[in-house]
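Chemist: This structure is in structure tokens; I'll ask about it shortly.
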């Protein structure tokens, strides 16, 4: 399915959810695409492979409303394996439609290599999660893929760092999480360096775009390195990589 068509479906689901008491916000590449206006050409230029599914963030308190929306109203079928896994604390919903669309809803949190809490954060933007949450969802990945690396580049090409502006990446919130969590700091820093190295291999990007992304990467790395850290962060930093600093995604999902 064409990614713009899929994004239109995601928009409609967010709107229908709001009408039925279900708070849904788009995440993943579709959210990146939603927030890319000036540099839309960049998505095709660096050959960012389109997504085939729709990812949302939602609230666990609205599970019943979500089931009514997707199953009773829209005719989606729930994924039986996810329904089973919820008994073991896995907080997500997956629905399949006959048109081939799969909609996945992460509830309250993104619990992957690192934990990102979305309590009271879904009201910050519409129809997607906030820009900083979107960037953090990429920076927290332990095994960074080429697709996610490209999303980091696209986000930093399109958006400045700032605060109290929905079209800027809230560096203040990012620093707040980083200063409290050495593991997230270490993974995020490595992923920013990987994005910078990957950017250097993209000869087709113009110099202005390259400079903008490199400046964003440099600024974030500089700020997270110089940000005052908590005592807990400093204690964990002394242990470093001798102790595992992330969770395996397969173990989390299991």
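Any read-out appearing in this document is the output of simple, stated calculations on the displayed coordinates, not a laboratory observation. Note that the structure is a prediction, hence the values are computed from the model and not measured. We place every Cβ from the backbone using ideal geometry, glycine too, and count neighbours over all the protein chains shown.
Chemist: Normalising by the residue count of the chain, find the relative contact order in percent from Cα pairs under 8 Å and 6+ residues apart.
Modeler: Here the relative contact order equals 19 percent.
Chemist: Okay, moving on. For residue 218 and residue 102, what is the calculated FRET efficiency with R₀ set at 45 Å and r taken between the beta-carbons, to the nearest 0.05?
Modeler: The calculated FRET efficiency here is 0.75.
Chemist: Run the quick spin-label model on residue 52 and residue 201: label points 7 Å from Cα toward the beta carbon, then report their separation in nm to one decimal.
Modeler: Taking the two extended label points, one gets 2.4 nm.
Chemist: Let me ask something else about it. Compute the distance in nm between two label points, each set 7 Å from the Cα along the Cα-to-Cβ direction, one at residue 37 and one at residue 160.
Modeler: So the label points at residue 37 and residue 160 sit 1.5 nm apart.
Chemist: Can you tell which of 198, 70, 118 shows the greatest fluctuation in a Gaussian network model of the chain with Cα springs below 10 Å?
Modeler: Of 198, 70, 118, the most mobile in the Gaussian network model is 198.
Chemist: Can you give the extra length, in nm with one decimal, that the chain gains between residue 117 and residue 247 once fully stretched, where that is 0.36 nm per residue apart less the Cα-Cα distance? Present the calculation step by step, with values, prior to reporting the outcome.
Modeler: Details: separation 130, 0.36 × 130 = 46.80 nm, distance 1.54 nm.
This chain segment gains 45.3 nm when fully extended.
Chemist: List 153, 71 from most exposed to least, where exposure is judged by having the fewest other Cβ atoms within 10 Å. Don't skip to the answer; put the middle values down first.
Modeler: Numbers: 153 28, 71 13.
Ascending Cβ contact count within 10 Å gives the list 71, 153.
Chemist: Test of understanding: extend the Cα→C-beta vector of residue 180 to 7 Å, then name every residue of segment 102-136 with backbone N under 16 Å from that spot.
Modeler: The answer is 109-111, 114-122, 133, 136, whose backbone nitrogens lie closer than 16 Å to the label point.
Chemist: Ok, one more. How far apart, in nanometres, would the label points at residue 61 and residue 239 be if each is projected 7 angstrom from Cα along the Cα-to-Cβ direction?
Modeler: Here the modelled spin labels are 3.3 nm apart.
Chemist: Given a Förster distance of 25 angstrom, what is the FRET efficiency for residue 194 paired with residue 232, based on the Cβ-Cβ distance and rounded to 0.05? Walk me through the numbers on the way to the answer.
Modeler: Details: r = 26 Å, r/R0 = 1.05.
Using R0 = 25 Å, I get an efficiency of 0.45.
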